Amino acid sequence: MTNVEQLLQAGIIPSPNPLTPEQLEALNALTSVEVDALISIHIKLVGPFKPIDFVGTCF
Amino acid sequence: MPENRTNSQRLRATIAITSGKLSERAHEVWTHPQFGELYPEFLFAIYGMIISSTPMLHQAALEADRLAASDTLASQLAPYLHIHAKEEQGHEQWVLNDLSFLGFDREQVFSRLPYTSVSALIGSQYYLARHVHPVAVLGYIAVVENPKTPEYLEELAVRAGLPIESMSTLLKHSHLDKVHVADFDRMLDALSLTTRQRDIMTASGITTVSYLEAFFVDVLEHFSRSADRHLSARIFHRAATPSLSAVSEVAGRSASG
């Protein structure tokens, strides 16, 4: 099972899948520990999302 | 996905993929139509983070010292963590000064408990640094040191009707953190990480993203309750709130110089 399939099954990627092909490729490059971390903390992955959007989020 | 990415590129790319919800919540705070009214609550939340993150970083540095004799990565991390903890020291005073400028006494800050999201955010880093490996805090740093630009903050002050003097914490970080981010990436890219060490760092970053999203939700929820006197007994009120004469008094003293 791919990372994306695991994340879909766990509800981390919502249905219908809003992520871009690039995001899905990046998720499939994560290690199993990183995927477990996403699942165990119940992060919801939303999209479409550009990395630049994260700039200036915090303080 | 290219595997020739540097450590910092890989970490930041993973944070970016997972930060969609965090970005949405943060955006709701930064662009809130009543940002001027919400801002003291936001500063209170930031105070909770800043007052606890410096000792947490210091603890991670001490843990790296403890492991250094038998752990190459810990010996490489220790100097950076000590320097970074020192760089962050005393910034909580900036927050208190900003709140004081707005008429909020520091006793009001001290009398409140921090958000549970803040204790989870910082507490998880204490745990990871002590019981897993201090490399974990690099994931935390990569997420939280991500400031707005000075230009954005200046525009925000005008839009929200806030005196720029009350934004010293944010403005100073917007300048300082640019340097910190460059230092961080340089240090991280010089490390030779095993897959396990990298996993610890990334998992910590993912944890930070999640608790930071909860932090912004807490800011919004606490502010939304501030209009209800019954629900908001311990939430900040505007200095003009009649029932809080002490707040008004402090505001009056500030205004008269």
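The values are calculated or read from the model by the stated rules, or taken from the named source; none is laboratory data. None of these values were measured; they are calculated from a predicted model. Because the Cβ atoms are built from the backbone with ideal geometry, glycine has one as well, and the counts that use them run over all protein chains shown.
Data for the structure
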quantity: Some residue of segment B:161-174 being within 23 Å of B:SER53 (Cα to Cα) and surrounded by fewer than 17 Cβ atoms within 10 Å (Cβ to Cβ); calculated: yes
quantity: Criterion (out of contact with any Phe, Trp or Tyr (no Cβ under 9 Å at 6 or more places or on another chain), surrounded by 15 or more Cβ atoms within 10 Å (Cβ to Cβ), modelled with pLDDT of 90 or more and part of a helix (DSSP H, G or I)) met by exactly one of B:ARG198, B:ARG186; calculated: B:ARG198
quantity: Residues (touching a residue at least 60 places away in the same chain (Cβ under 8 Å) and either under 23 Å from B:LEU121 (Cβ atoms) or assigned to a helix (DSSP H, G or I) (or both)) located in segment B:153-169; calculated: B:LEU156, B:ARG159, B:ALA160, B:GLU165, B:SER166, B:MET167, B:SER168, B:THR169
quantity: Selection within segment B:193-209 - touching a Ser or Thr at 6+ places or on another chain (Cβ under 8 Å) and without any contact (Cβ under 8 Å) to a residue 60 or more places away in the chain; calculated: B:THR195, B:ASP199
quantity: Test set (1) more than 12 Å from chain A (Cβ to nearest Cβ); (2) touching a residue at least 12 places away in the same chain (Cβ under 8 Å) - B:ARG186 fails condition number; calculated: (2)
quantity: Scan of segment B:1-11 for residues that are touching a residue at least 12 places away in the same chain (Cβ under 8 Å), more than 10 Å from chain A (Cβ to nearest Cβ) and in a helix (DSSP H, G or I), ordered by number; calculated: B:ASN7, B:SER8, B:LEU11
quantity: Count of residues meeting criterion [at the interface with chain A (Cβ under 10 Å from one of its Cβ atoms), surrounded by fewer than 24 Cβ atoms within 10 Å (Cβ to Cβ) and not in a helix (DSSP H, G or I)] in segment B:125-152; calculated: 4
quantity: Residue list for segment B:190-210, restricted to those being within 8 Å of chain A (Cβ to nearest Cβ) and farther than 22 Å from B:ASN4 by Cα; calculated: B:THR207, B:VAL209, B:SER210
quantity: Selection count, segment B:1-53, where residues are among the aliphatic types (A, V, I, L, M) and within 26 Å of A:GLU25 (Cβ to Cβ); calculated: 8
quantity: Number of the exception - B:SER52 against (1) crowded, with 21+ Cβ neighbours inside 10 Å; (2) within 19 Å of B:ALA136 (Cβ to Cβ); (3) more than 10 Å from chain A (Cβ to nearest Cβ); calculated: (1)
quantity: Number of positions in segment A:10-46 that are of a type in the set (Val, Ile, Thr), assigned to a loop (DSSP other than H, G, I, E, B) and at the interface with chain B (Cβ under 8 Å from one of its Cβ atoms); calculated: 4
quantity: Output for segment B:12-38, where each listed residue is of a type outside the set (Phe, Trp, Tyr), over 17 Å from the mean Cα position of the chain (by Cα) and either in a loop (DSSP other than H, G, I, E, B) or more than 9 Å from chain A (Cβ to nearest Cβ) (or both); calculated: B:THR31, B:HIS32, B:PRO33, B:GLN34, B:GLY36, B:GLU37
quantity: Residue that is farthest from the chain's Cα centre (by Cα), among those in segment B:94-124 that are closer than 28 Å to B:GLU213 by Cβ and surrounded by fewer than 14 Cβ atoms within 10 Å (Cβ to Cβ); calculated: B:SER111
